[in-house]
Amino acid sequence: MTEQTGQGPEPAHERVSAAILPAFDDHHPPAQELIDDCVHCGFCLPTCPTYVLWGEEMDSPRGRIYLMEIGRQGEPLNAEMVRHFDQCLGCMACVTACPSGVQYGKLIEATRQQVERRYPRSRRDRAFRAFVFRLFPYPRRLRVLRGPLRLYQRSRLGALARKAGLLDRLPRRMTAMERLVPTLGRLEPVPEVTPAAGPRRRRVGMLTGCVQRVFFPEVNTATARVLAADGCEVVAPATQGCCGALSLHAGREAEAQAFARAAIEAFEAAGVDQVVVNAAGCGSAMKEYGHLLRDDPGFAERAAVFSDRVRDLSELLVELGPVAERHPLPVKVAWHDACHLGHAQGIRAQPRQALGAIPGLEVREIAEAEICCGSAGIYNLVEPEPAAELGDRKAANILATGADLLVTSNPGCLMQLRNALERRGERLAMAHVAEVLDAAVRGADPRTVLDRR
Ligand code: SF4
Ligand code: SF4
């Protein structure tokens, strides 16, 4: 095992070098039968972003599965092993590529839960993670930050500080966070109930999310309008909070379970047929609630039923079939598959189909579409260097399409890609798929989507 020095969240001399024995305790260790599914063929390697970056076996899916195996066989959980697990983006490109059906998602989720529960991270790492998880899953706390952030952006303080190199003196994770914040506009709350336009075909719940709700409120209002135009009564329960995706993907099991239980209760009380999600990472997590709450007698069955009802926005729109007319929108769109939509949920055809139904709109494919853009939940905050390299690579591939507009389905990808394009001194209009569909349904001037972000 070789370590990428300088890639870590803190300098090597500050890292904790504990060795935990046994590596995994009895509470859901990475399952031996899932590890055994891997036949070591290596088909997953070329699609794994960390293997693509470093060519290091232990930073490939096969290598990480091997580390899980030796952990089960008696090797201690040590700093080097934890680094290789931490460097995994959880993008699930390996799941798509694997011909043997290895359930890497379940393996890395179980491993991360063991690491988070049992491995002593450095004080600096713990403090940063505590800050992230006390802020991002709480829309009210994020909203409090909005005012000062808007002021900061409007006063051009940030641009001046950047120019003077002041931001480079901050810890690199804080610099990464500052650069990711999108330009904030007005807050547009979604009504608790949006009636269907015309006869009601479904009553759907809508997850408003945390980052989506506070940083991209216009995406939620566009989502509600498109669903209503296609015959859905849209309910956005005021009682809903975070879906727990960030916590789940970071191995914070108890926290993720608490968020999941609260989300199930909020949408059950709303009496909806289905729950629509417009953020790929959230949708993927909510489809896993059945697994996450499998040990909870009061929730296991409810969680499984709930997960079956979760739909990505494009998935539901294609399932329903359009009712509202789509007006022409003559734009060339580069469609970016968010990993948690394409790889984790297997949803690739539906957004292309939904966009392709707009007259005049041309969908262009991005080279290396299977490789993550580096956003990956909190990855671009805790691992800013590899995240930036992946962002740069994706930005180059996007620009090569010659598209006028970049469209995706995840707020994290929008922030990551805007930042990557800015680093190259490029600007490209970006929109969420809901905003493009909304513009087509409303017959809006194409400039309304081409002027975005
Ligand atoms: S989830 Fe992504 S980063 Fe992690 S091993 Fe699989 S392909 Fe590599
Ligand atoms: S995870 Fe799948 S593709 Fe990768 S080495 Fe194992 S069996 Fe092969």
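One table, with the values for the structure above:
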| read-out | value |
| --- | --- |
| Segments 273-280, 111-118 sorted - mean Cβ within 10 Å per residue, highest first | 273-280, 111-118 |
| Positive-end residue, the chain charge dipole about Cα centroid, Cβ charges, pick of GLY165, ALA254, HIS340 | GLY165 |
| Extension gain, GLN353 back to ARG200 (0.36 nm per residue minus Cα-Cα distance, nm) | 52.8 nm |
| Distance between modelled label sites at GLU319 and GLU69, nm, 7 Å Cα→Cβ extension | 3.8 |
| Accessible area per residue, Å², segment 85-241 with all protein chains present, probe 1.4 Å | 46 |
| Cα-projected label distance for GLU188 with LYS163, points at 7 Å along beta-carbon direction, nm | 3.2 |
| Cα→Cβ-extended label distance, 7 Å offset, between ARG156 and PHE133, nm | 4.1 |
| ALA367/CYS41 FRET efficiency (R0 22 Å; Cβ-Cβ; nearest 0.05) | 0.35 |
| Surface per residue (accessible, 1.4 Å probe) for segment 256-393, Å² | 35 |
| Span from the segment 241-263 Cα centroid across to the segment 143-180 one, whole angstrom | 28 |
| Ranked by how many other beta carbons lie within 10 Å on average, peptides 438-450, 54-66 from highest | 54-66, 438-450 |
| Burial ranking of peptide ranges 161-169, 25-33 (average Cβ count within 10 Å, highest at the top) | 25-33, 161-169 |
| With every protein chain in place, the chain: carbon and sulfur % of accessible area (1.4 Å) | 54 |
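The values are calculated or read from the model by the stated rules, or taken from the named source; none is laboratory data. Here the structure is a predicted model, which is why all the values come from computation and not from measurement. Using ideal geometry, Cβ is built from the backbone for each residue, glycine included, and neighbour counts are taken over all protein chains shown. Ligands, DNA and RNA are excluded from the accessible area calculation, which covers all protein heavy atoms including side chains. Shrake-Rupley method; radii C 1.70, N 1.55, O 1.52, S 1.80 Å.
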